[in-house]
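Single-structure report; data block below.
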């Protein structure tokens, strides 16, 4: 039977980020999928190696606009692992508050986008309006709606003022009734049930085989969460539940994210109310030679950073592994067998973040010139000649 | 099926009464929360021109230019507002009690010409009296001598610049020392020239 190939991307007005999907379809059914990423390479790791440990935090923060806390969180933990040191208690709490605020706004952002993909534009606008409240909270706490610049190796940059806490708590509380209505609207809607239940199923076995992370794995019944498995920050000091569901279809992924917002609100409020007194920064001066690893539970799953120091004030090597890198291959099992119209929401259900993932780009150099060592030397010599000509030196 | 629709209908009616959530921005100014970290702005009275902010800036948004060829040597501290990422590192590193450069509440930064995207302040420079090399900003030398107190009297550059800025320098004493053949001792010198006058046998 003849099969057709539908290419989507790499630059497509409907996509937020450049990625390239090749869907092989038989009639309406997807029989194969191929994903190509690497259109968004920015050389972040190399950039980070050229900045000092303190300055790198800001580069790392800009890996992703949504995970602008998870990456610095993992990075600072990796740097603290080199020394090794424990950050002060108050700094831990502040870090946890910021990280949970980020999780709330990220999940809400995804929920809105999912609504948009399904044609529920009211949901989209409604959720994003709700998200504004959380962004306001983040502005009060950190001074910015996004890219909070709160993290530094050894602590946090800014303290949370005690006079801001009542207003923040009030704002967080104010989103709960709307969120309740939103949850009911999603759970009661028969169309959403018909549309999302039973599609894009990622079974428990597949989730383990592919090493899926975050809400993607938790929706499939794999109870995997860095915050519980290897507690960091203040996560072991507050009461909260890990949301795990069984079937692993798109509907469950929605449920996991909506319920996680409640847990995040709970963690955030507990931390704000029980903020311990004390120092917020260790003022680390020197980083000794060594290696360190750090991980943090980003809204999409575990973010992992590896930093090697050679005793100077700059990282000698910095490696970033974003959660989408692990979640992306699950497309192979979730999309195949579904219809093209369901493919979008299945692809969106893992909450892919390509700018987090793209560390390296490999290009097919067929038909293009490849530079060898000799060519580079020749280029270098030509440049010298050029400069000489410009300066008028023969 | 009906219940959810009624619930959402209530939400819709509420939205009708409350009105749009979005603000009428260009017509109504948006005032951010006081905690908001906007554009960093130099305070010419507090800034000492030490370049600590330039050193720590992760996006290289702060630069300086030393103008030494005319009668008034001065240092231009330049903040490029287009490359600034509002991280607040400059404020945190500022030696003048974090007040030389401070993040304001200003967030409306649009401009038509990219050349406009910079803010500049001028600081008076102190040049070496022998070689003309830049030593530091006058305010910086003042800051150092205030910081180290009486220890400043161990460095002629420091206390001469201090006394000159206060206008209480006694030219008679200076000429007396100058006449005794060690005139370089009573000048404001850069570190290299000071080393040469003090340590060399010349």
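Here, each number is a calculation from the coordinates, and none is a lab measurement. The structure presented is a predicted model; accordingly, all values stated were derived computationally and were not measured. Using ideal geometry, Cβ is built from the backbone for each residue, glycine included, and neighbour counts are taken over all protein chains shown.
I need the semi-axes of the equivalent ellipsoid of segment A:217-342: take the C-alpha gyration tensor, multiply each eigenvalue by 5, square-root it, list largest first in whole angstrom.
With the √(5λ) rule applied to segment A:217-342, the semi-axes are 33, 24, 10 Å.
Need one number: nm distance between label points at residue B:170 and residue B:134, each 7 Å from Cα along Cα→Cβ, rounded to one decimal.
According to this spin-label approximation, the distance is 3.6 nm.
May I ask for the percentage of alpha-carbon pairs in segment B:128-202 that lie more than 17 Å from each other?
For segment B:128-202, the share of Cα pairs beyond 17 Å comes to 46 percent.
Let me check the size of segment B:33-126 from its C-alpha atoms; what are the radius of gyration and Dmax in Å?
Calculated on Cα positions, Rg and Dmax stand at 13.3, 45 Å.
Measure nothing fancy, just the Cα-based angle from helix B:2-18's long axis to the longest principal axis of chain B, in degrees from 0 to 90, nearest 10.
Helix B:2-18 and the main axis of chain B meet at about 50 degrees.
Using only the alpha-carbon atoms of segment A:56-154 as identical scatterers, what base-10 log of I(q)/I(0) does the Debye formula give at q = 0.12, 0.16, 0.17 Å⁻¹?
-0.44, -0.69, -0.76
Taking a virtual spin label 7 Å from the Cα of residue A:178 along the C-beta vector, which residues in segment A:125-140 bring their backbone nitrogen under 15 Å of it?
A:125-139
With an 8 Å Cα cut-off and a minimum separation of 6 or more residues, compute the relative contact order for segment B:128-202 in percent. Intermediate values should be presented prior to the final figure.
On the way: 58 pairs, mean separation 27.9, N = 75.
37 percent.
Quantify how strongly other chains surround peptide A:257-270 by giving the mean number of their Cβ atoms within 10 Å of each of its Cβ atoms.
0
Let me understand the protein assembly as shown better: what is its radius of gyration from the alpha carbons, and its Dmax, in angstrom?
For the protein assembly as shown, the Cα-based Rg and Dmax read 29.8, 107 Å.
What order do you get for A:228-237, A:72-81, B:156-165 when each peptide is scored by the mean count of other beta carbon atoms within 10 Å, highest first?
A:72-81, B:156-165, A:228-237
Taking a point 7 angstrom from the Cα of residue A:209 along the C-beta vector, which residues in segment A:298-336 have backbone N less than 18 Å away?
A:326-336
What 222 nm value per residue comes from the helices of chain B, counting each DSSP H run with n ≥ 4 as -39,500 (n - 2.57) and dividing by all residues, nearest 500 deg cm²/dmol?
The helix-only estimate for chain B comes to -9500 deg cm²/dmol at 222 nm.
Along the principal axes of its C-alpha atoms, what lengths does segment A:38-357 span, in descending order and rounded to whole Å?
The Cα atoms of segment A:38-357 stretch 58, 43, 30 Å along their principal axes.
Starting from the 7 Å offset along Cα-to-Cβ, what nm value, one decimal, do you get for the label separation of residue A:46 and residue B:104?
3.8 nm
Based on Cα coordinates alone, diagonalise the gyration tensor for segment A:123-228, multiply each eigenvalue by 5, take square roots, and list the semi-axes in whole Å, largest first.
On the way: eigenvalues 214, 108, 24 Å².
Taking √(5λ) for each Cα gyration eigenvalue gives 33, 23, 11 Å.
Quick one: length gained pulling residue A:277 to residue A:86 fully straight, 0.36 nm per residue minus the C-alpha distance?
Stretched out fully, the residue A:277 to residue A:86 stretch lengthens by 67.2 nm.
Sorted by packing (mean other beta-carbon atoms within 10 Å per residue), highest first, where do B:88-98, B:64-74 land?
B:88-98, B:64-74
Taking Cα centroids, how far is segment A:56-101 from segment B:104-121 in Å?
Rounded to whole Å, the Cα centres lie 30 Å apart.
When the C-alpha atoms of segment B:73-128 are aligned to their principal axes, what extent does each axis show, in angstrom, from largest down?
Principal-axis extents of the Cα atoms in segment B:73-128, largest first: 40, 27, 15 Å.
Computed over the Cα atoms of chain B, what is the ratio Rg over Rh, Rh following Kirkwood?
We get a ratio of 1.28 for chain B.
Quick check on segment A:184-265: take the gyration tensor over C-alpha atoms, sort the square-rooted eigenvalues as a ≥ b ≥ c, and tell me if it's rounded (a/c under 1.5), prolate or oblate.
oblate
Suppose a student asked you for the relative contact order of chain A, using Cα pairs under 8 Å spaced at least 6 residues apart; what percent would you report?
Once divided by the residue count of chain A, the mean separation gives 24 percent.
Provide the FRET efficiency to the nearest 0.05 for the residue A:236-residue A:167 pair, computing r from the beta carbons and using R0 = 41 Å.
0.90
At 7 Å along Cα-to-Cβ for each site, give me the label-to-label distance between residue B:70 and residue A:4 in nm.
Computed distance between label sites residue B:70 and residue A:4 equals 7.1 nm.
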